[in-house]
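A.B. asks: I have a structure I would like to understand better, so I am pasting it below and will then ask my questions one at a time.
The values are calculated or read from the model by the stated rules, or taken from the named source; none is laboratory data. Given the structure is predicted, the values throughout are model-derived calculations rather than measurements. Note that we place each Cβ from the backbone using ideal geometry, even for glycine, and neighbour counts take in every protein chain shown.
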Amino acid sequence: MSSSDVQPSALARLLQVSHFLKPYKLQIVGALIALIFTAGIMLSIGQGVRFMVDQGLATASMDSLGNTVGGFIGLTLALAVGTFLRFYLVSWIGERVVTDIREVVFSHVIDLHPGFFETNLSGEIQSRITTDTTLLQSVLGSSISIALRNIIMLFGGSTLMLITNIKLSIIILASLPFIVFPILLIGRRVRNLSRQSQDRIADVGTYVGESLLNIKTVHAFNHQQLAKERFDGYAEQAFETAVTRIRYRSVLIALAITLVLGAIGAMFWVGGQDVINGTISEGDLAAFVFYAILVAMSLGAISEVYGELQRAGGATDRLVELLNAKSLIIDPETPAHLPDNHLGEVEVKSLTFSYPSRPDHPALKSISLKLEAGKTVAFVGPSGAGKTTFFDLLLRFYDPQEGGIYIDGVNIRDITLEELRRDIAVVPQLPALFTGTVKENICYGKPDASFDEIKAAAKAAYAEEFIDRLPEGYDSDLGEAGVRLSGGQRQRIAIARAILKNPKILLLDEATSALDAESENMVQKALEALTEKRTTFVIAHRLSTVIDADQIAVFDQGQLVELGNHKELMSSSELYSRLAALQFKEPLSN
């Protein structure tokens, strides 16, 4: 997800997410009215200052002074009310829109094909959904409002300056090009640095997440000091990029202040002489000074906001890249459907697949096999032979380059992903548990399951005995990734989840590998009941768990080299008999 070399302006990039504002037109109109109202009052205060000086102070009249002060207080109260409404509405819009963006981005990302996350780090994506949207919220909920208000005051103040005194206005306005040009020039550099800064922050977040997720491994290998040093490196890179960005923004603001206040100083010199000579009144000069300061403050605020817009533009780029990412695995335009009450027969025809990152090295080559409904086939063979890849293809995490997989005669590419995965359950070698309770993790594949169904599944997976010992039973929180359970307990929760789903097709990837001998015996019984009348694919390295499988498929280097039962393979497959000899201490033939 790299950025383009040719980048549009910050404002143009922010407009890419402007459609998120459309549902809140009423709030936007209210905020604009409040914004214009407060800007108008600020501009009116200048006339109040002129009136106070010329009519209140110059006439030495207490009544006139009281009236002018009373009017000033009235404007102040109106300004306070308008500011409250503007701030509340603009902040609400910012929070609401950014919440919508987060929801839409996450909804899009969670639907992307799993292969997308092999080339895009989860920490980087997390940073975009959290850090970048927070920056966007700051702009939408504050900076744009400040920019619009100051633009109104800039043009309004400039107009009133011209009305008050043309000669003095020329001095101020003549300096504007010298202020605007460096803002645009330096702002472009700030934009690029902002993107780099966000990328470096994402690197920090990615490393933190990875280290904390694997904290036991970090400690087991005494890697804490190296982890600290590596984190410090990422953090320092983020700091150096941020400091460079801050330096440019500081120069931007300092230039604006110097040029604007220099122009005001020149105006004071000329205006002071005009007051002394009687060309203009003290009130006119006071009002003009007020407007000049207002214009100067507006320019300063706009220059600062411009830097924020550049940062937000970079954040928007990163979010839009996520939203524009296309899933390579999609539903067919006109989907077919599995037969009513389908049985779960699986047929593989000439299946060939290479991972996108290794197109010249097929992970599977011309695989063909047929498994009748309710039967069990075990995949055995060395690591990297393609066994897990077949599971990924059956679940349509990827699509093959050649051949296909058929369930009850229907190509899985012709049915929707939801329908395909509805009747498939997976028990992986390393079970995936989520932050939440035992109950929530068991019913992950069937959220509407009753508590009795959940308990029955846990009992069938021999998980009930340890669940009952937990502090709050089924309502006990498991912590991140089930960190509060042992490996065997996590495995049994995963098996209970599969049992509860009651699938037609079952995928077991070393489902008992994390269990001790006693637990393995109990769970093996549960799996025997679970696999009964279900089409089951089993990946196994321990051949003792699959001796009784209806078929055993022997894989080697992405090819299906033998297919048969245990007895047949012992006599016909050199690879299988060698694996069996290593595990059972049997002779090479049987």
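A.B. asks: What's the total number of residues in the stretch 417-445 that are surrounded by fewer than 16 Cβ atoms within 10 Å (Cβ to Cβ) and among the β-branched types (Val, Ile, Thr)?
C.D. replies: Looking only at that region, the number is 1.
A.B. asks: While we're here: Report, by residue number, each residue of the stretch 165-182 that is assigned to a helix (DSSP H, G or I), modelled with pLDDT of 75 or more and surrounded by 13 or more Cβ atoms within 10 Å (Cβ to Cβ).
C.D. replies: From the stretch 165-182, those assigned to a helix (DSSP H, G or I) are 166-174, 176-182; that's our starting set.
Pick out the ones that are also modelled with pLDDT of 75 or more and you get 166-170.
Within the stretch 165-182, 168, 169, 170 qualify.
A.B. asks: Restricting to the stretch 515-548, what's the tally of residues that are under 20 Å from residue 579 (Cβ atoms) and at pLDDT 85 or above?
C.D. replies: Residues that pass the stated criteria total 3.
Yes or no, residue by residue, for (1) within 25 Å of residue 306 (Cβ to Cβ); (2) at pLDDT 75 or above; (3) touching a Lys or Arg at 6+ places or on another chain (Cβ under 9 Å):
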| site | (1), (2), (3) |
| --- | --- |
| 15 | yes, no, no |
| 29 | no, yes, no |
| 34 | yes, yes, yes |
| 39 | yes, yes, yes |
| 42 | yes, yes, yes |
| 51 | no, no, no |
| 67 | no, no, no |
| 73 | no, yes, no |
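A.B. asks: Further, regarding this structure: Does the stretch 524-568 hold any residues that are among the β-branched types (Val, Ile, Thr), within 17 Å of residue 507 (Cβ to Cβ) and in a strand (DSSP E or B), and which are they?
C.D. replies: Pass one, the stretch 524-568, residues among the β-branched types (Val, Ile, Thr): 531, 535-536, 538-539, 545-547, 552, 554, 561.
Next cut, within 17 Å of residue 507 (Cβ to Cβ) only: 531, 535-536, 538-539, 545-546, 552.
Listed by number, the residues that qualify are 535, 536, 538, 539, 552.
A.B. asks: Just wondering, is there one or more residues in the stretch 133-151 that are basic (Lys, Arg) and closer than 19 Å to residue 320 by Cβ?
C.D. replies: no
A.B. asks: Run down 408, 448 and say which single residue is surrounded by fewer than 21 Cβ atoms within 10 Å (Cβ to Cβ) and over 19 Å from residue 534 (Cα atoms).
C.D. replies: Residue meeting the stated conditions: 448.
A.B. asks: Among what's in the stretch 478-501 and is touching a strand residue (DSSP E or B) at 6+ places or on another chain (Cβ under 9 Å) and at pLDDT below 85, pick the residue that is farthest from residue 405 (Cα to Cα).
C.D. replies: Taking the candidates together, the pick is 484.
A.B. asks: So, in the stretch 459-471, exactly how many residues are in contact (Cβ under 8 Å) with a residue 24 or more places away in the chain and under 15 Å from residue 441 (Cβ atoms)?
C.D. replies: Number of matching residues: 5.
A.B. asks: I'm trying to understand the selection: among the residues of the stretch 394-409, which are in contact (Cβ under 8 Å) with a residue 60 or more places away in the chain and among the acidic types (Asp, Glu)?
C.D. replies: We begin by selecting, within the stretch 394-409, every residue in contact (Cβ under 8 Å) with a residue 60 or more places away in the chain; these are 394-399, 406-409.
399, 408, listed by residue number.
A.B. asks: Go through the stretch 373-429 and count every residue that is over 15 Å from residue 113 (Cα atoms) and among the acidic types (Asp, Glu).
C.D. replies: In the first step, residues of the stretch 373-429 are kept if they are over 15 Å from residue 113 (Cα atoms); the result is 373-388, 390, 401-412, 414-415, 419, 422-429.
Retained after the next criterion (residues that are among the acidic types (Asp, Glu)): 402, 408, 414, 419, 423.
Total satisfying the criteria: 5.
A.B. asks: I've got another one for you. Of 261, 299, 328, 323, which residue is buried (at least 20 other Cβ atoms within 10 Å of the Cβ) and either more than 30 Å from residue 412 (Cβ to Cβ) or within 35 Å of the chain's Cα centre (by Cα) (or both)?
C.D. replies: The unique qualifying residue is 299.
A.B. asks: Next question. Assuming residue 453 fulfils every condition listed in (1) over 22 Å from residue 520 (Cα atoms); (2) without any contact (Cβ under 8 Å) to a residue 40 or more places away in the chain; (3) more than 32 Å from the chain's Cα centre (by Cα); (4) assigned to a helix (DSSP H, G or I) apart from one, which condition is it?
C.D. replies: (2)
A.B. asks: Further question on the same structure: Just give me the residues in the stretch 331-372 being surrounded by fewer than 18 Cβ atoms within 10 Å (Cβ to Cβ), small (Gly, Ala, Ser) and over 21 Å from residue 555 (Cα atoms), in sequence order.
C.D. replies: Matches in the stretch 331-372: 336, 357.
A.B. asks: For the condition more than 30 Å from residue 169 (Cβ to Cβ), of a type in the set (S, T, N, Q), free of Cβ contacts under 8 Å to residues at least 12 places away in the same chain and in a helix (DSSP H, G or I), what is the one hit in 225, 273? First the steps, then the outcome.
C.D. replies: Values: 273 fails: more than 30 Å from residue 169 (Cβ to Cβ).
Result of the check over 225, 273: 225.
A.B. asks: What about residue 162, is it assigned to a helix (DSSP H, G or I), over 17 Å from residue 40 (Cβ atoms) and either among the β-branched types (Val, Ile, Thr) or out of contact with any Cys (no Cβ under 6 Å at 6 or more places or on another chain) (or both)?
C.D. replies: So residue 162 passes the test.
A.B. asks: Here's something else I'd like to know. Which pairs turn up if I take residues in the stretch 370-393 that are among the basic types (Lys, Arg) and look for partners that are buried (at least 20 other Cβ atoms within 10 Å of the Cβ) with beta carbon separation below 6 Å, at least 6 apart in sequence or on another chain?
C.D. replies: Hits for this filter: 387/379; 387/539; 387/555.
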